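Inspection log for the structure reproduced underneath, given as structure tokens.
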Amino acid sequence: MNKASRQRLDKATAHLACCDPDWAILIDLVGPCQLALDRGREPFQALVHAVTHQQLNGRAAQAIFKRFLALYPDEPFPSPEMILATDDNMLRGCGFSLAKIATIRGIAEKTLQGVVPSRRMADVMRDQELIARLTSLHGIGRWTVEMLLIFTLGRPDVLPVDDFGIREGWRLIKGLPRQPAPKELAAIGQPWAPYRSTAAWYLWQAVAQYKLALAANPTGTATTGTVKQIA
């Protein structure tokens, strides 16, 4: 991470810490934001990667994605043309469902048609413009585009309120009996602007910290109270 990126994240972190005492506690627990970006990835590649991870745990998705890349040993990432030329049975052998194969093929087709923009084009498009364009693709929802916005394009103010982990993170640090609904969290998160991508990263970390607390206390007595108790 370069100096400018570190400074931007530190500014975002300082803003969040001033929004709410529980933010300050969570940030102190987790430490500096380590939101990692893949700025060399094309939107087409990011969408295929995100589709691979849809509705799967990280380890299973990574195994499927590794097998997928292994189909193209001479390329760091297959081109849209290469994907379209790949037999369905080969993609099935990687672990993709038929629905995901259709979605990935659709991404490849729409890339060749210019619907999925190049990285250069995407960099000058607004968040909502990208969301509207890319969610027109079969099998691509808002969450998938939001992952692209955060982790590939580095957009600083994206809060994926439909994400289970983000809503669960807020529930944990506030000791709520249930997760906030997406619309509720969108309203709650307004003061976090213009740094809601950093907020999303910390809410994911809250869930990770709670899992660590449970692992350290296998009797199952770890509390779901405030972030102080997560620690």
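Bear in mind that the values in this text are calculations on the coordinates, not laboratory data. Keep in mind that what you see is a predicted model, and the values were worked out from it rather than measured. Note that we place each Cβ from the backbone using ideal geometry, even for glycine, and neighbour counts take in every protein chain shown.
Structure above, values below:
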{"read-out": "Segment 121-210, dipole about Cα centre (Lys/Arg Cβ +1, Asp/Glu Cβ -1), debye to the nearest 20", "value": "240"}
{"read-out": "Segment 43-151 - convex hull of the alpha-carbon atoms, volume per residue in Å³", "value": "97"}
{"read-out": "Degrees separating the helix 3-19 axis from the principal Cα axis of the chain, which is the longest one", "value": "50"}
{"read-out": "Reachable lysines from Lys11, criterion Cα separation under 25 angstrom, eight or more residues apart if same chain", "value": "Lys3, Lys174, Lys228"}
{"read-out": "Residue with peak Gaussian network fluctuation, the chain [Cα springs, cutoff 10 Å], from Gly175, Gly139, Gly93", "value": "Gly93"}
{"read-out": "Trypsin sites (Lys or Arg not before Pro) restricted to segment 111-172 and DSSP loop, no more than 16 other C-beta within 10 Å", "value": "Arg126"}
{"read-out": "Structure-based [θ]222 nm, the chain - -39500 (n - 2.57) summed over DSSP H runs of at least 4, per residue, nearest 500", "value": "-18500 deg cm²/dmol"}
{"read-out": "Highest-MSF residue in the chain out of Leu185, Leu153, Leu71 [GNM, Cα springs under 10 Å]", "value": "Leu71"}
{"read-out": "Residues Ala24 and Gln179, FRET efficiency given R0 of 22 Å [Cβ-Cβ distance, rounded to 0.05]", "value": "0.50"}
{"read-out": "Gain in span if fully extended, Ala187 to Lys211, counting 0.36 nm per residue against the direct Cα distance", "value": "6.0 nm"}
{"read-out": "Interatomic Cα distance distribution for segment 95-167, bins of 10 angstrom, percent", "value": "18, 50, 29, 3"}
{"read-out": "Most fluctuating residue given options Val158, Val30, Val51, as computed from a GNM of the chain linking Cα atoms under 10 Å", "value": "Val30"}
{"read-out": "Hits among lysines - C-alpha to C-alpha of Lys110 under 24 Å, sequence gap 8 or more where chains match", "value": "Lys66, Lys100"}
